[in-house]
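Step one of this worksheet: look at the structure below.
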Amino acid sequence: MINLRRLDVNLLVTLDVLLSECNVTRSAERLHLSQPSVSVHLAKLRDIFSDPLLLPGARGMRPTARAEALREPLRMALEALERAVAPAEPFVPAQATHTWRAAASDYSESTVLLPALRRLRSAAPGTRLAVLELAPPLLARQLEQGDIDLAFHTTEGAPPALRRRALFKERYVLVGRAGHPRLARRPSLAQFGSLEHVIVSPDGGGFHGVTDQALAAAGMTRRVVLSVPHFLFVRAVLEQSDLVAMLPSRLVRDSDALRVVEPPVEVPGYEMSMLWHERSHRDAAHQWLRDCIADAV
């Protein structure tokens, strides 16, 4: 076995040219080297391969059987190496055939991916997008291993090791069905507490959230009668009942079936971010995808 540590890429390039030209002088001209330098390279190659490689002939030099066996695999190896170290080609969306995988909650699907989808399909029609359920504890590992390309999460809850780009800031509003008898105007704090509320509990089954924390600071409580895991189900519940909910404003801003009013208590909002791993940060296609989504929202 040949010790690869003894092989200099420059030696292999010289051998490739020598096998093509079968002449030291012409090889030196192609390599922009002196003839003695090429002769030194050839001597080292003969030592490494334990073979003369090129022998004097009537019309220059003739490759040995070992050299002939090396010719094609050496050319293929050098071409592969050239492709590997070549600068990355620019990303052309119209010609792309990527399959991207993004982790998102139903909220992020509606407020981030849905606005970006038209732009994505128009600019890169040959690509595909797979949306996976968001699993916050697994995000860092999924992105590091390449199981997903992007994730969408609150900036505050994002794993610190990931790259991130802030997309927008969100605030909470009070929402009920259009024509709700108790939402004709902004309710008082006492009226707000007496309404029957729906809460979104991503972990399942919770009846306490950021609104309740803000109410507790004011010495108040509210009646939470329904807890659900997804935002979109809440919209359907509100449209068909007199229940109300504190929801992110982007989720309901275009709905004619819902009534939106300012709540009587100030509830802290949050910032939504797009997350990715360092491994994808400089990839041209990934950069384009990030820009496409950020521009859309």
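Listed values, structure above:
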| read-out | value |
| --- | --- |
| Calculated FRET efficiency for the pair Met220/Ala178, C-beta based, R₀ 30 Å, to 0.05 | 0.65 |
| Equivalent ellipsoid semi-axes - Cα gyration tensor, the chain, angstrom | 69, 18, 14 |
| Asp242-Ala123 pseudo-label distance in nm [points 7 Å out on the Cα-to-Cβ vector] | 4.9 nm |
| Length-normalised contact order of the chain in % [C-alpha pairs under 8 Å, at least 6 apart] | 21 percent |
| Over the chain: helical MRE at 222 nm, DSSP H runs n ≥ 4 each giving -39500 (n - 2.57), nearest 500 | -11000 deg cm²/dmol |
| Between 0 and 90°, nearest 10: helix 65-85 axis offset from the chain longest Cα axis | 30 degrees |
| Helix 35-49 axis, angle to the chain major axis (alpha carbon atoms, nearest 10°) | 80 degrees |
| Distance (nanometres) between label positions extended 7 Å along Cα→Cβ at Ala294 and Leu189 | 4.1 nm |
| Förster-model FRET efficiency, 45 Å R0, Ala88 and Gln213, C-beta, rounded to 0.05 | 0.40 |
| Mean Cβ neighbour count within 10 Å, used as a protection proxy, ranking 260-268, 214-222 highest first | 260-268, 214-222 |
| Extent along principal axes [Cα atoms of the range 59-212; Å; largest to smallest] | 103, 32, 22 |
| Projected label distance in nm at Ala80 and Ala135, using a 7 Å step from Cα toward the beta-carbon | 3.4 nm |
| Relative packing of 149-158, 184-193, which averages over residues the other C-beta atoms within 10 Å, highest first | 149-158, 184-193 |
| Percent breakdown of C-alpha pair distances by 5 Å bin, ordered from the shortest bin, for the range 4-85 | 3, 15, 27, 27, 19, 7, 1, 0 |
| Relative contact order (percent, whole number), the range 172-268, Cα cutoff 8 Å, 6+ residue spacing | 49 percent |
| Rg ratio (alpha-carbon, reference 2.2 N^0.38 Å) - the range 172-268 | 0.97 |
| Carbon plus sulfur fraction of accessible area for the range 4-85, probe 1.4 Å, in percent | 55 percent |
| Rounded percent of accessible protein surface that carbon and sulfur make up, the range 172-268, 1.4 Å probe | 50 percent |
| Rounded to 5, the percent of DSSP beta bridges in the chain classed as antiparallel | 60 percent |
| Accessible area in square angstrom per residue, the chain, 1.4 angstrom probe | 57 Å² |
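The values are calculated or read from the model by the stated rules, or taken from the named source; none is laboratory data. Predicted, not measured: the structure shown is a model, and the values here were computed from it. Every residue, glycine as well, gets a Cβ built from its backbone with ideal geometry; the counts of neighbours run over all protein chains shown. Areas reflect the complete protein model, heavy atoms only, side chains present, ligands, DNA and RNA absent. Shrake-Rupley method; radii C 1.70, N 1.55, O 1.52, S 1.80 Å.
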